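Accompanying notes for the structure given below.
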């Protein structure tokens, strides 16, 4: 199971909160998994890109709550899960049923935290399952990623930084560092996302064997 893309959190019928994720990294991972012979379920947020693999089972979602429900359902029967989606950390406390009109003063928008998908899966992980997450950081990258790996009971975490040129949202390249639960750290140079996907699966396969 792989999840990918952003989520959109509605404010009213025409507005929402989201992020810049294109879903490219997660979709590329899904294609690489299919190429390696896996049966792939891709839980995919609202993006314009689609995987090239014809046999990939795509589960379309929009909100963080929908992403969580679909990810939990797929995780129950999968061997490997990679959480590549850029899930919103916050969602509007109230969704207005009609379009909000401009007023003379400021608009205050109250946000509440979304449920943590990685932590939920980490809490239900069974023996033999491998759970990998992503961490997009802007400071104290390695320390923050290592803490996330331990806190959410992941087997490995893929770190990328917005400070790295050519990495992050919107690029066809990425520069990653992989940290596993034994605190082994593998750093890679800037590569195409296809090459990055191959590096990630090589690491996962090494954990299986």
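Can you tell me which residue is nearest to residue 177 (Cα to Cα) among those in the stretch 89-133 that are touching a residue at least 60 places away in the same chain (Cβ under 8 Å) and crowded, with 16+ Cβ neighbours inside 10 Å?
So, considering only residues that are touching a residue at least 60 places away in the same chain (Cβ under 8 Å) and crowded, with 16+ Cβ neighbours inside 10 Å, the one nearest to residue 177 (Cα to Cα) is 132.
Taking residue 83 as meeting all but one of (1) farther than 20 Å from residue 195 by Cα; (2) within 12 Å of the chain's Cα centre (by Cα), write down the number of the exception.
The single condition residue 83 does not satisfy is (1).
For residues in the stretch 158-175 being under 16 Å from the mean Cα position of the chain (by Cα) and outside any loop (DSSP other than H, G, I, E, B), which is modelled with the lowest pLDDT?
161
Restricting attention to the stretch 191-206, does a residue exist that is surrounded by fewer than 17 Cβ atoms within 10 Å (Cβ to Cβ), in contact with a helix residue (DSSP H, G or I) (Cβ under 9 Å, 6 or more places away or on another chain) and free of Cβ contacts under 8 Å to residues at least 24 places away in the same chain?
yes
Residue-by-condition table, conditions (1) more than 21 Å from residue 79 (Cα to Cα); (2) touching a strand residue (DSSP E or B) at 6+ places or on another chain (Cβ under 6 Å):
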{"residue": "104", "(1), (2)": "yes, no"}
{"residue": "118", "(1), (2)": "no, yes"}
{"residue": "131", "(1), (2)": "no, yes"}
{"residue": "141", "(1), (2)": "yes, yes"}
{"residue": "150", "(1), (2)": "no, no"}
{"residue": "163", "(1), (2)": "yes, no"}
{"residue": "172", "(1), (2)": "yes, no"}
{"residue": "208", "(1), (2)": "no, no"}
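Just to be sure I understand, how many residues within the stretch 80-112 are more than 19 Å from residue 28 (Cα to Cα) and in contact with a helix residue (DSSP H, G or I) (Cβ under 7 Å, 6 or more places away or on another chain)?
Total meeting the criteria: 2.
Before we move on, is residue 58 more than 19 Å from residue 169 (Cα to Cα), surrounded by fewer than 20 Cβ atoms within 10 Å (Cβ to Cβ) and touching a residue at least 24 places away in the same chain (Cβ under 8 Å)?
So residue 58 does not fit the description; no.
Do we find that residue 155 is touching a strand residue (DSSP E or B) at 6+ places or on another chain (Cβ under 7 Å), modelled with pLDDT of 95 or more and surrounded by fewer than 18 Cβ atoms within 10 Å (Cβ to Cβ) in this structure?
So residue 155 does not fit the description; no.
Could you tell me whether residue 152 is touching a residue at least 12 places away in the same chain (Cβ under 8 Å) and over 16 Å from the mean Cα position of the chain (by Cα)?
no
Report yes if residue 77 is farther than 22 Å from residue 159 by Cβ and in contact with a helix residue (DSSP H, G or I) (Cβ under 8 Å, 6 or more places away or on another chain), otherwise no.
no
Quick one: would you say residue 34 is free of Cβ contacts under 8 Å to residues at least 40 places away in the same chain, out of contact with any helix residue (DSSP H, G or I) (no Cβ under 6 Å at 6 or more places or on another chain) and either surrounded by 14 or more Cβ atoms within 10 Å (Cβ to Cβ) or more than 30 Å from residue 107 (Cα to Cα) (or both)?
In short, yes.
To keep it simple, each residue is scored yes or no on (1) assigned to a loop (DSSP other than H, G, I, E, B); (2) farther than 30 Å from residue 191 by Cα; (3) in contact with a strand residue (DSSP E or B) (Cβ under 7 Å, 6 or more places away or on another chain).
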{"position": "14", "(1), (2), (3)": "yes, yes, no"}
{"position": "20", "(1), (2), (3)": "yes, no, no"}
{"position": "34", "(1), (2), (3)": "no, no, no"}
{"position": "37", "(1), (2), (3)": "yes, no, no"}
{"position": "48", "(1), (2), (3)": "yes, no, no"}
{"position": "95", "(1), (2), (3)": "yes, yes, yes"}
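The values are calculated or read from the model by the stated rules, or taken from the named source; none is laboratory data. Here the structure is a predicted model, which is why all the values come from computation and not from measurement. For neighbour counting, all protein chains shown are included, and Cβ atoms are generated from backbone atoms with ideal geometry for every residue, glycine included.
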